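Readers should treat all values here as calculations from the given coordinates under stated rules, not as data from a laboratory. A quick note: this is a predicted structure, and the numbers were derived from the prediction, not measured. When we count neighbours, we look across all protein chains shown, and the Cβ atoms used for this are built from the backbone with ideal geometry, even at glycine.
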Amino acid sequence: MTGSDDPERTAQAFTVAATAIASGVDVSLWLTSEATTMALPGRAETFELPHSAPLHELRDAILDAGSITVCTQCAARRNITEADLIPGITIKGSTSFVAEIMNEGVQVLVY
């Protein structure tokens, strides 16, 4: 998923994740590329896309009932550390991602 460089894709991913949570689905949202910046305080609050729910509200709904993870390499490329992130968001690598998606009954959606 990308960030402000592809606002529609970003909004879609957060919207689908928040909608899934509202429907009772377990959600784990992984942020990659520029979307990693949406895990920083204040970034989602400045994100704007016409006809889209406020991104920070979607993010908060996901954090309240699911999880948000930032890609290790993507964070490193942007000099982002866990200390920089909104509380509750973590940084993990591809090994963790693969382990998570290989669990029985997991459905992966990629934006």
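Things to note:
- Rg and Dmax of the chain, based on Cα coordinates, read 13.0, 38 Å.
- The ranking of Phe47, Phe14, Phe97 by Cβ neighbour count inside 10 Å, starting from the fewest, reads Phe97, Phe47, Phe14.
- The HN-Hα couplings worked out from phi for segment 8-22 by the Karplus form 6.51 cos²θ - 1.76 cosθ + 1.60 (θ = phi - 60°) are 5, 5, 4, 4, 4, 5, 5, 5, 5, 5, 5, 5, 4, 4, 4 Hz, whole numbers, x standing for Gly and Pro.
- Residue range of the chain that is longest and free of GluC sites (Glu not before Pro) which are both DSSP loop and sparsely packed (at most 13 other C-beta within 10 Å): 49-103
- Note on the chain: with a GNM built from Cα contacts shorter than 10 Å, the maximum mean-square fluctuation among Leu58, Leu31, Leu49 falls on Leu49.
- Positive-end extreme of charge dipole, segment 7-101 - chosen from Thr37, Ala53, Ala75 (charges on Cβ): Ala75
- CD proxy at 222 nm, helix term only [per DSSP H run n ≥ 4: -39500 (n - 2.57); per residue of the chain; nearest 500]: -11500 deg cm²/dmol
- Dipole moment magnitude, nearest 20 debye, the chain about Cα centre, only Lys, Arg, Asp, Glu C-beta charged: 240
- 5 angstrom amide H check on Val70, placed H, neighbours 5+ away: Leu31, Thr90, Ile91, Lys92
- Relative contact order computed over segment 7-101 (Cα-Cα under 8 Å; 6+ residues apart), in percent: 31
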